[in-house]
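The values are calculated or read from the model by the stated rules, or taken from the named source; none is laboratory data. Given the structure is predicted, the values throughout are model-derived calculations rather than measurements. Cβ placement follows ideal geometry from the backbone for every residue including glycine, while neighbour counts extend to all protein chains displayed. These area figures cover heavy atoms from the full protein model, side chains too; ligands, DNA and RNA do not enter into them. Shrake-Rupley method; radii C 1.70, N 1.55, O 1.52, S 1.80 Å.
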Amino acid sequence: MASGFEVHQLIEDGLTKALESLDFKCNNDQLSLLEILLAGRAMMEVMDRVITPYLEKNKDFQAAKESLLKETIILGTIQGDIHDLGKNIVAILLKVSGYRVVDLGKDVAPSVFVEAALRENAKIIGVSSLITSTIPHIRQLKTELSAAGLQDLRVVAGGAALRQVSPKDLNVDLVADNVFDLLNFLRCFERGS
Amino acid sequence: MTALERFLDSLKGRLISGTPCVPLIFGYAAALCKVKLSDYLQKGELLAYCQLEAQKQFGTDAVFAYADNSVESEALGSRICFPENDYPYITDYAWGDHENWTSRPLPDAQKDGRMPQLLEAVKIMRSTVGDTTTVVGGVLGPMSIAGQVMGLDKLIYLLVDEPDKFARAIDYTAHISLSYGQALLNAGAHVLMLLEPTASQNIIPQNVFVQYITPRIRYIFSGCKSAGALACWLVITGQTKGLLPYYKGCGADLATIDYEVPLKNALNAAPDLSLAGNIKPYNFVEHSQEELYDQAKKLISEAGHNRRFLLSSGCELPLNAKPENVEAMVRAARGGLNGANR
């Protein structure tokens, strides 16, 4: 920034590009949770130590912050599951990629996802689970969204157990193999494809 | 031929009729017997009863003295919450502050947490089946126990930031795996199963597995064989294709492969190792018995005349698996390559 780069350039050309460079490795099963955790931690440090302090000093902090944010994503671990490590990493990587994340935590009922989507004017829900017994709750999400008039809202599922199930069987738009799958989906969504 | 003979002969590569069938039936046995999972997981007598009933119903080749992945952590002092019909979860990690672990005494399997209940379950199952059916005692591996006493994210950061401290932590938890495993064997288990889900390539890279995990597994399996284990069974779920070549060197006689590793790849990666796998667990819920039968037959066919293959699920059966699907799997196994109808 001392060299004259804008904050959005640091995020887009620095953090996001660095994150995207991991995409290939991850899609070839060469990236483990350990490496993704470290990537997330490194990126959060850049955010916390460099970018956020800069924005806070900036007079137009709020405006700058808002202008940098992309879509709002509602995230949560579905009802019946308390595993949240994977979801937390996804939240970190979405934030450093410029998305506004509303993290509902763990053991979240489908109706709570719907209420949050309405309240936050979100277009995408990310739902996570590590166990198969929660699948009926995930299937319920789209039904409840439709009942609330949010039939166009996209639902992306992720987590170890869910990779066994097809999007159709799970009644979601995508079962993401990893966080990069989700990021690619979001990029396509933003382009309208 | 008894189920135990079938199991052990298969590990030795001897010719047997049909294929051994060992789906990972853990808490599913409680659902099958319509008892609360929380009771099953806390009462050894009930666990043994349900396991024996499940084995009687399906005619599978093993019963399992394994509750869930918080048994060792609970014995170390973690607080556990037991939902009525779901697996327990940890509310307070024993090593939350991750200091002074190694100064604490190892858990005593005869009195700490639910370990005595699991020992009781082994005794009941062994006295009931004798040497006719394989009695498997299950313990968690060192990396997984460490993750369950401090939280997986903290453990991973410890590995990167303070590798010596990480090594000391998993040395300590390896002693727990061994001492609890030996107690299960002394109580009557024929086979020691080591479950190490957090050592999969989904969690750690191959080089970390080789450097840190393989020596500890070798230590545990060696100690369990000295304690009389007829075989040591390694279960690492998820992606393991880069780890399989190292299993034999760990002392494993048998390894479970999850559905993420195609059987043919696994057979090539570990040609001298007996393999159990690898039907997708969720297929037992969603698919028809005809589909399950066909999936089982396909695996048996892929194994071909490899005598070291045991038909199993890639991970434990879901609590809501359809019993007719397990029956279809067993029918496929009993028919071997050609016989038996759907």
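First measure r as the distance between the Cβ atoms of residue B:2 and residue B:268, then evaluate 1/(1 + (r/R0)^6) with R0 = 22 Å and state the FRET efficiency to the nearest 0.05. Spell out each step's value before the answer.
Details: r = 32 Å, r/R0 = 1.43.
Calculated transfer efficiency: 0.10.
Sticking with the crude label model, points 7 Å out along Cα→Cβ, report the distance from residue A:82 to residue A:44 in nm, one decimal please.
2.1 nm
For region B:83-94, what does the Karplus curve 6.51 cos²θ - 1.76 cosθ + 1.60, with θ = phi - 60°, yield as ³J(HN,Hα) per residue in whole Hz, taken in order and with x for Gly and Pro?
My calculation for region B:83-94 gives x, 4, 10, 8, 6, x, 9, 8, 9, 8, 6, 4 Hz in order.
Between residue A:5 and residue B:161, what is the label-to-label distance in nm when each label sits 7 Å out along the Cα-to-Cβ direction?
Spacing of the two 7 Å Cα→Cβ label points: 2.6 nm.
Would you calculate the separation in nanometres between label points at residue A:184 and residue B:110, each defined as 7 Å from the Cα along the Cα-to-beta-carbon direction?
Placing both labels 7 Å beyond Cα along the Cβ direction yields 5.7 nm.
Pull up the cross-link candidates among the aspartates and glutamates for residue B:264, meaning alpha carbon to alpha carbon under 12 Å and not fewer than 8 places away within one chain.
B:302
Kindly sort B:287, B:190, B:175 by accessible area of their heavy atoms, largest first, with the probe set to 1.4 Å.
Working: B:287 50, B:190 10, B:175 75 Å².
The ordering from most to least exposed comes out as B:175, B:287, B:190.
Using a Cα-Cα cut-off of under 14 Å, which aspartates and glutamates could be cross-linked to residue B:225, ignoring same-chain neighbours fewer than 8 residues away?
List returned: B:253.
With a ≥ b ≥ c the root eigenvalues of the C-alpha gyration tensor of region B:157-276, is it rounded (a/c under 1.5), prolate (a/b larger than b/c) or oblate?
Working: a/c = 2.05, a/b = 1.02, b/c = 2.00.
The shape class here is oblate.
Angle, helix B:214-226 long axis vs. longest principal axis of chain B, Cα atoms, 0 to 90°, nearest 10?
Result, in degrees: 70.
Determine the shape class of region A:76-183: with a ≥ b ≥ c the square roots of the Cα gyration tensor eigenvalues, call it rounded for a/c under 1.5, and otherwise prolate if a/b is greater than b/c, oblate otherwise. Can you show the working numbers first?
Details: a/c = 1.35, a/b = 1.04, b/c = 1.30.
Here region A:76-183 falls in the rounded category.
List the accessible area buried at the contact between A and B, summed over both sides and calculated with a 1.4 Å probe, in Å² to the nearest 100. Walk me through the numbers before you get to the answer.
On the way: alone 10190 and 13300 Å², together 21580 Å².
Accessible area lost upon association: around 1900 Å².
Mind listing the long-range amide H neighbours of residue B:193? Cut-off is under 5 Å, sequence gap 5 or more, other chains count too, H placed in the peptide plane at 1.01 Å from N.
Correct list: B:137, B:138, B:139, B:233.
What residues in region A:74-121 lose 30 Å² or more of accessible surface when the other protein chains are added to their chain alone (1.4 Å probe)?
Hits at the 30 Å² cut-off: A:82, A:85.
If amide hydrogens are placed 1.01 Å from N in the peptide plane, which non-local residues have theirs closer than 5 Å to the one on residue A:32?
Excluding prolines and chain starts, which carry no amide H, there are no hits.
Using unit Cβ charges (K, R positive; D, E negative) and no other charged atoms, how large, in debye to the nearest 20, is the dipole of region A:101-172 about its Cα centre?
Details: 8 positive and 7 negative charges, 44 e Å.
That gives a dipole near 220 debye.
In terms of the Cα gyration tensor, with a ≥ b ≥ c the square roots of its eigenvalues, is the protein assembly as shown rounded because a/c is under 1.5, prolate because a/b exceeds b/c, or oblate?
prolate
Could you work out which residue, out of B:46, B:159, B:267, moves most in a Gaussian network model of chain B, that is, has the largest mean-square fluctuation with Cα springs under 10 Å?
Answer for the Gaussian network model of chain B: B:159.
Angle, helix B:323-334 long axis vs. longest principal axis of chain B, Cα atoms, 0 to 90°, nearest 10?
70 degrees
Provide the per-residue ³J(HN,Hα) series for region B:18-30, in order, calculated from phi with Karplus coefficients 6.51, -1.76, 1.60 and θ = phi - 60°, each as a whole number of Hz, with x at glycine and proline positions.
x, 10, x, 10, 10, x, 7, 8, 10, x, 4, 4, 5
Roughly how many Å² is the accessible area per residue of the protein assembly as shown, as a whole number, for a 1.4 Å probe? Provide the component values of the computation, followed by the final result.
Values: 21580 Å² over 535 residues.
The answer is 40 Å² per residue.
Could you list the trypsin sites (Lys or Arg not before Pro) in region B:22-116 that lie in coil according to DSSP, counting only those with at most 14 other Cβ atoms within 10 Å of their Cβ? Walk me through the numbers on the way to the answer.
On the way: sites: B:34, B:36, B:43, B:56, B:79, B:111, B:114; in loops: B:34, B:36, B:43, B:111, B:114.
Listed in order of number, the matching sites are B:34, B:111.
Between residue A:73 and residues 5 or more places away or on another chain, which pairs have amide H atoms under 5 Å apart, with H built 1.01 Å from N, and which residues are they?
Close amide H contacts, sequence-distant or interchain: A:100, A:101, A:102.
Please state the charge dipole magnitude for the protein assembly as shown, taken about the Cα centre, from unit charges on C-beta atoms (+1 on K and R, -1 on D and E), reported in debye and rounded to the nearest 20. Spell out each step's value before the answer.
On the way: 52 positive and 62 negative charges, 231 e Å.
With Lys and Arg at +1 and Asp and Glu at -1, about 1100 debye.
Which of the aspartates and glutamates could a cross-linker bridge to residue B:322, judged by Cα under 15 Å and excluding same-chain residues fewer than eight apart?
Result set, ordered by chain and number: B:286, B:290, B:291.
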